[in-house]
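Novice: Dropping a structure here in structure tokens format, bear with me for questions.
Throughout, read-outs are computed from the coordinates displayed, never taken from laboratory work. The shown structure was predicted, so the numbers you read here are calculated from the model rather than taken from an experiment. With ideal geometry, Cβ positions are generated from the backbone for all residues, glycine too; neighbour counts draw on all protein chains shown.
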Amino acid sequence: MSGKIDLRKLPPLNALKGFEAATRRQSVREAAEELCLTHPAVSHQIQQLEEEFGVELFSREGRTIVPTPEGRLFYGYARRALDLLIEGAETVRRAHASRPLRVQTYVTASIRWLAPRIPRFVAAHPEVRLMLSTCAAEWEFDESLGEVGLVYCDVPPGPEYSWTPLFDYRLFPVCSPALRARLGPQPAPKDLLTLPLVVIYSEPRNWDLWFESAGVPYASDAAVVVDTLALALEFALSGSGVVLVNGPFAEAELASGRLVRAVDHQAQCPGAWGLVCRREHRDQPRVRAFIEFLVAEAAAG
């Protein structure tokens, strides 16, 4: 690495933008319009540089300003410096854009909601490459695994994060039509106690919460314990048990009739499924495109 830079010798860097535009346009007014600043703001930037150098950088000729010899001399350096900074920034942006956008999510959310929608996102945004990182039991957003997380949060994350809710965390029981038939024509929540119940070990209290919301005493006595909702749903599809679904993760099976709601009762739980990222990353074009796409998908159902 090069030696230390004496930052005390640098002119006010923000003032370079006003100086460069005013020199090129030969007009403070036009420079202000180009930079979306006020006329006094650009004048102040020029004044800062003149005070820094102890020389006048412009002289006025009629309705235009003309750089002095010192102004013309400094303009060459300022323009090269700004061009070089822009080149460096664009190089970093291109390098960043070429890397995959890493997305962290829970395995069931990935398989049963996100994955079917990815082809549509890729078709709409061919410039964005995606890399999905799924886990079976980790609910917290981990920045080492993704720049964006599709996760469940019982409360919104801290102020350093951007949080975009997608859908509520509602618990409702599903099973195969054959298993549902064993309950009779108008089953009540207590009738589920007669059927095998499948528990997901990362969500051990879901059945407690659901029966509590229905006013039914429940002592956990699960027939099967599995590690993911995706696996639990396979048990439900085979007719081996009743499963609590916590989001739009069985919509295709419910629509086709392969699964049915065991009873109508559902429990509204705190929090929601949503998208989380660092607040400073929210407006990166590819992050913004991904979030806006999934918000639209969630709204469409």
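Novice: Can you say what percent of the DSSP beta bridges in region 99-301, counting only those with both residues inside, are antiparallel? Round to 5.
Specialist: For region 99-301, the DSSP antiparallel bridge percentage is about 60.
Novice: How would you rank 218-227, 144-153, 165-174, highest first, on the average number of other Cβ atoms within 10 Å across their residues?
Specialist: 144-153, 165-174, 218-227
Novice: Go from 0 up to the bin containing the longest alpha carbon distance in the chain, width 10 Å each, and give me the % of pairs per bin.
Specialist: It works out to 5, 21, 20, 15, 12, 9, 8, 7, 3, 0, in whole percents.
Novice: Another one. Could you check which residue among LEU114, LEU179, LEU49 shows the biggest mean-square fluctuation in a GNM of the chain with a 10 Å Cα cutoff?
Specialist: Of LEU114, LEU179, LEU49, the most mobile in the Gaussian network model is LEU49.
Novice: Starting at 0 and stepping by 5 Å, how many percent of the alpha carbon pairs of region 7-98 end up in each bin?
Specialist: Histogram of Cα-Cα distances, whole percents per bin: 3, 14, 23, 23, 17, 10, 6, 3, 1, 0, 0.
Novice: Putting +1 on Lys and Arg Cβ atoms and -1 on Asp and Glu Cβ atoms, find which of SER256, MET131, TYR201 reaches farthest to the positive end of the dipole of region 99-301.
Specialist: Result: SER256, furthest along the dipole toward the positive end.
Novice: Return one number: the angle in degrees, 0 to 90 and rounded to the nearest 10, between the long axis of the Cα atoms of helix 15-25 and the longest principal axis of the Cα atoms of the chain.
Specialist: 60
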